[in-house]
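Below: the structure, in structure tokens.
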Amino acid sequence: MGTKLTDTKTASATGVNDPATLTKWPEYGGTATVSMDAGGTQTATVQLRAWNTNAGTPQKEILATFVLPVSGGPKNGDLFDSLPIFSCWDDFDWNVTALGAGATVRMSFVGVGV
């Protein structure tokens, strides 16, 4: 039976961030969300990367790139964005590639797994 799995991580600097509590990708996928916490220059670019474990070095695939604030469309100017991802991987991480001065970004993944 599937169980709700939740992981939330905050970052105040660029670089790779491992999940806070999850040790593997939720088997049935889930929803990735990136949002800005108050303070600083409210800009961020964050990649959600996932990979399958194999005999060699894992090849990390970028599943999503979140750019905040959102530019264009009905979400224009929003300081958060979400994307449902229903695929199967072994592991994942967050790569903060850009972050405004003094800003903090929150990265969350809520999924279903066993």
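Since every read-out is calculated from the coordinates, none of them should be taken as a lab result. Computed from a predicted structure; not experimentally measured. Cβ placement follows ideal geometry from the backbone for every residue including glycine, while neighbour counts extend to all protein chains displayed.
Put a plus charge on the Cβ of each Lys and Arg, a minus charge on the Cβ of each Asp and Glu, and nothing anywhere else: the dipole of the chain about its Cα centre is then about 100 debye.
How many lysine pairs are close in the chain, with Cα atoms under 21 Å apart and the two 8 or more places apart or on different chains?
Working: K4/K24; K9/K24; K9/K60; K24/K60.
Close lysine pairs found across the chain: 4.
Of the residues V67, T41, G30, the one whose Cα sits farthest toward the positive end of the charge dipole of the chain, with +1 on the Cβ of Lys and Arg and -1 on the Cβ of Asp and Glu, is T41.
Spatially, region 84-114 and region 57-76 are offset by 10 Å when compared through their Cα centroids.
Between T31 and Q59, what length in nm is gained on full extension when 0.36 nm per residue of separation is reduced by their alpha carbon distance? It would help to have the intermediate numbers written out before the result.
Values: separation 28, 0.36 × 28 = 10.08 nm, distance 2.18 nm.
In short, 7.9 nm is gained.
Summarising the label geometry, the points placed 7 Å from Cα in the beta-carbon direction at T97 and T21 lie 3.0 nm from one another. Taking every C-alpha pair closer than 8 Å and separated by at least 6 residues, the mean separation divided by the residue count of region 3-113 gives a relative contact order of 48 percent.
Going through (i) 10.6; (ii) 8.2; (iii) 7.4, the figure that equals mean projected area of the Cα convex hull in nm² as computed for the structure here is (iii).
For V67 and T14 in one chain, what is 0.36 nm times their gap in residues minus the Cα-Cα distance, to one decimal in nm?
On the way: separation 53, 0.36 × 53 = 19.08 nm, distance 1.36 nm.
Value of the extension gain: 17.7 nm.
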